[in-house]
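The values are calculated or read from the model by the stated rules, or taken from the named source; none is laboratory data. Keep in mind that what you see is a predicted model, and the values were worked out from it rather than measured. Here Cβ is always computed from backbone atoms with ideal geometry, including for glycine, and neighbour counts include all displayed protein chains. Heads up: the accessible areas ignore ligands, DNA and RNA and are worked out on the full protein's heavy atoms, side chains in. Shrake-Rupley method; radii C 1.70, N 1.55, O 1.52, S 1.80 Å.
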Amino acid sequence: KIGWILVGASTVAREWMVDAIRQQGDAEVLAVVSRDAARGAAFAEQFGIAASYTDLDAALAHPGADAVYISTTNEWHMAQTLQAARAGKHVLCEKPLALNLDDARRMVDGCAEAGVVLGINHHLRNAASHGKVRELIRAGEIGQPLYCRVLHANNLPQHLRGWRLDAPESGGVTLDMFVHDVDTLRFLLDAEPRHVTACATSGGMTVAGLEEGLMAVIEFDNGTLVQVHDAFNAPHSLSGVEIIGTKGTIFATGVMTQRPVGSITLTRDSGKVDIPVGHENLYVRSVRAFQRAMRGEGQPAATGDDGMRGWPPHWRHSRPAAATSA
Ligand code: NDP
């Protein structure tokens, strides 16, 4: 069995990843690491995990440990990834890979030097819905993609209204949600972002200066223009991706989510058709692909390189004057 160490007694581990690892059949969760001994012990007890640690090195020395899943807050990802890699453990790290491009590159290089697999848990690539959209585009069903709109603004759930709203190093909605959009678009369009222009708001739900809402226009190197909207403070807004091509349009509704849901329509001159989707838990797929990569079969769904390329070059970022002066 593949032995996993969870680094971070986090919500995403609690809600999705313990179960996703256990569903593999050939994997087990050996231990959890938390900076807080009581939180780690409570997490271990809740999920029937045999060990909890406060010291990462001690956890990495746990007998049978092969891989770590890192879901601490963003500023810890780099140091913990490099520490695990030096100990010879494969690393599945949460997004954003790091706080900036240089750190992301250090992580990719560090894992390569240590000969371990680095994967990023960009869950949306693992959604059957997004996989189907990509398949349709690749099959030429809409011709050449010209424009795309990403609706990814929502209402940050009450239980997540902590560090995302008040810790400057969290990166606000940019590092929380926008990174998912860029990764998903790279996956759907098979193209790289060339230019990004964005405006952000802050100071309503977040502390002043920390982005809570963002609208961006991204130009991809295949010529596709994309509009993106991310927000923490937009209750009752729609979730979806629309891709408009020379021959048709794909609309995927309700797909910018952690859950295996959503529907797809394809509209062309001949009319509008519903496209069937075989939904499956996104996180189960993520762990499955990662474990295969550990065995030398293919790559993680999102590689370290993908995590790094999610940082678009020529990033031009301007905030409204009110947010800048606050
Ligand atoms: P949480 O706030 O739930 O957990 C992050 C860390 O905060 C934990 O590792 C823990 O640190 C600490 N912590 C947990 N509960 C408490 C508490 N009650 N009081 C104080 N500290 C606490 O964050 P999320 O699970 O939402 O996010 C963790 C990471 O995962 C982030 O990098 C985020 O971007 C990413 N994420 C990815 C998702 C995806 O779908 N790919 C979805 C959600 C998040 P410690 O254990 O060291 O004590």
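Under 23 Å of direct C-alpha separation, and excluding same-chain neighbours fewer than eight residues apart, residue 272 reaches these lysines: 132, 247. Segment 164-180 and segment 262-313 have Cα centres separated by 23 Å. Build a GNM of the chain with springs between Cα atoms under 10 Å: which of 44, 139, 231 gets the top mean-square fluctuation? Maximum among the listed residues: 139. In segment 2-116, the alpha-carbon atoms span a convex hull of 88 Å³ per residue.
Toward the positive end of the charge dipole of the chain, with +1 on the Cβ of Lys and Arg and -1 on the Cβ of Asp and Glu, the farthest Cα among 7, 223, 104 is that of 223. Residue by residue, segment 206-213 carries 3J(HN,Hα) couplings of 8, 5, 4, x, 9, 4, 10, x Hz when phi is fed to the Karplus relation 6.51 cos²θ - 1.76 cosθ + 1.60 (θ = phi - 60°); x denotes Gly or Pro.
Solvent exposure of the chain amounts to 43 Å² per residue of accessible area, where only protein heavy atoms count and the probe is 1.4 Å. Beta bridges assigned by DSSP with both partners in the chain are antiparallel in approximately 55 percent of cases.
Carbon and sulfur atoms: what percent of the 1.4 Å accessible area of the chain do they account for? Each step should come with its number before you reach the end.
Details: 7010 of 13920 Å².
Heavy-atom surface of the chain belonging to carbon and sulfur, 1.4 Å probe: 50 percent.
Once the Cα atoms are used to define both axes, helix 179-189 deviates from the longest principal axis of the chain by about 60 degrees. Cα centroids of segment 76-120 and segment 13-33: how far apart, whole angstrom? Using only Cα atoms, the two centres lie 20 Å from each other. Counting only protein chain heavy atoms and rolling a 1.4 Å probe, the accessible areas of 53, 147, 283 rank, largest first, as 147, 53, 283. Other residues with beta-carbon under 15 Å from the beta-carbon of residue 141 carry, at +1 per Lys or Arg and -1 per Asp or Glu, a net charge of +1.
Relative to the longest principal axis of the Cα atoms of the chain, the long axis of helix 282-294 makes an angle of roughly 60 degrees.
For residue 52, the residues 5 or more places off, or on other chains, whose built amide H falls under 5 Å of its own are 32.
Calculated mean residue ellipticity, 222 nm, the chain: -8000 deg cm²/dmol, from DSSP H runs (n ≥ 4) at -39500 (n - 2.57) each, averaged per residue and rounded to 500.
Hydrodynamic radius of the chain by the Kirkwood approach over all distinct alpha-carbon pairs: 20.4 Å.
Ignoring lysines fewer than eight residues from residue 89 along the same chain, the ones with Cα atoms less than 20 angstrom from its Cα are 1.
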